[in-house]
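Notes follow the structure.
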Amino acid sequence: MRHDAGIDVMLLSAEEALRLDRRAIPPRTDVVRVAAPPRETWGALAERGFVRKPAWLVWYSDVGAGEEEWLARLSKGVRYDIRRCRRQAHDELRIELQQPIRPETLDRFLEVYESMVARMRHGVPFATSLRDAILADERHWLLYAHSTDGFAGGLVCREDEETGTVLFRFAAIRPRWRERSLQKVLYVEATSVARAKGFRRVSAGNDPNLYGHIAKPGLMTSKARLGFTPYPADPPTGPGSWRDEADLVIALDRLGDLALILGYPDGLSGGDEQPFFDLAVYGDPRLGGGIESLPFVRSVRRHIPCRPAASPAPS
């Protein structure tokens, strides 16, 4: 059993998963997972309810020839919201770019970031653990907004000359400005910076591909509405890392009312240029805010967790 940021994951080989008696699954198990399932087991695992998927996703958007071209890809409603939010931000805030990042500025960012992560059900402060690495790498820059009231929010980015990409690594926004969509403003401004520096695309970061755990379902729709498309990503380096896996969701008790997985279409192996997925939905899809119409979703498959969420105790 592997404890993973607030949930319990039962790791099995493909052969063990295919022999699994579900009555023998420990009661606190949230997910049964098969790492790097062999091709010959894909069909049998699917028949038993497993969803084969990239373990991590990376989100890309081409910067386009100019801002108007980039904005034109978005829906009319999203463009209106961005323009409204930018007016508010520019009226009340100063937005500045810092490269290299100074320690005192990064620490102001991390103060907001850690407060934000602490409010998450299964939050993990990745940026805090990478503080020294960020400061040591001059490919990083910080786009941040502040006023006389202090630090409002920021976006830590890293340049990758080899792939022509600027990666939006970490965002931190104070609650007042999160409600006013400052993060969207910073995404647009950071895309303009990347374009001016000659990069061809931006990335909205990497997410573990179980929305409802560390990344919430709403993050999938918000990134898609800003014109980003998900692709299979290489996992973080370290022990226990693999590119593909197959998940069987056992219960939603510690995941929430809705969990989403972007799974590989049947028979596809998931190369880097795989832009279409089958969306696996656990829980009430009405909570997903238009997930069925996302442009990279080929089909939607509704799944019932093997163990229903616990009912609330009678009052």
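The values are calculated or read from the model by the stated rules, or taken from the named source; none is laboratory data. For clarity, every value in this text was computed on a predicted model and none was experimentally measured. A quick note on method: Cβ atoms are made from the backbone with ideal geometry, for glycine too, and the neighbour counts reach across all protein chains shown. Note: accessible area is taken over every heavy atom of the protein model, side chains too, but ligands, DNA and RNA are not part of it. Shrake-Rupley method; radii C 1.70, N 1.55, O 1.52, S 1.80 Å.
Overview of values
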| quantity | calculated |
| --- | --- |
| Check on residue 45, of a type outside the set (Gly, Ala, Ser) and either in contact with a helix residue (DSSP H, G or I) (Cβ under 9 Å, 6 or more places away or on another chain) or closer than 18 Å to residue 262 by Cβ (or both) | yes |
| Residue check, residue 78 open to solvent by less than 10 Å² (accessible area, probe 1.4 Å) and in contact (Cβ under 8 Å) with a residue 60 or more places away in the chain | no |
| Every residue from segment 9-45 that is in contact (Cβ under 8 Å) with a residue 60 or more places away in the chain, open to solvent by 60 Å² or more (accessible area, probe 1.4 Å) and hydrophobic (A, V, I, L, M, F, W, C) | 36 |
| Failed condition for residue 237, given (1) hydroxyl-bearing (Ser, Thr, Tyr); (2) open to solvent by 30 Å² or more (accessible area, probe 1.4 Å); (3) within 18 Å of residue 5 (Cα to Cα); (4) at pLDDT 90 or above | (4) |
| Number of positions in segment 287-315 that are closer than 20 Å to residue 230 by Cα, of a type outside the set (Phe, Trp, Tyr) and modelled with pLDDT of 85 or more | 7 |
| Flag if residue 195 is of a type in the set (Lys, Arg), under 26 Å from residue 79 (Cβ atoms), open to solvent by 50 Å² or more (accessible area, probe 1.4 Å) and touching a helix residue (DSSP H, G or I) at 6+ places or on another chain (Cβ under 9 Å) | no |
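So that you can scan it fast, the table gives a plain yes or no per residue for (1) of a type outside the set (A, V, I, L, M, F, W, C); (2) in a loop (DSSP other than H, G, I, E, B):
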{"position": "215", "(1), (2)": "no, yes"}
{"position": "219", "(1), (2)": "no, no"}
{"position": "223", "(1), (2)": "yes, no"}
{"position": "236", "(1), (2)": "yes, yes"}
{"position": "245", "(1), (2)": "yes, no"}
{"position": "251", "(1), (2)": "no, yes"}
{"position": "256", "(1), (2)": "yes, yes"}
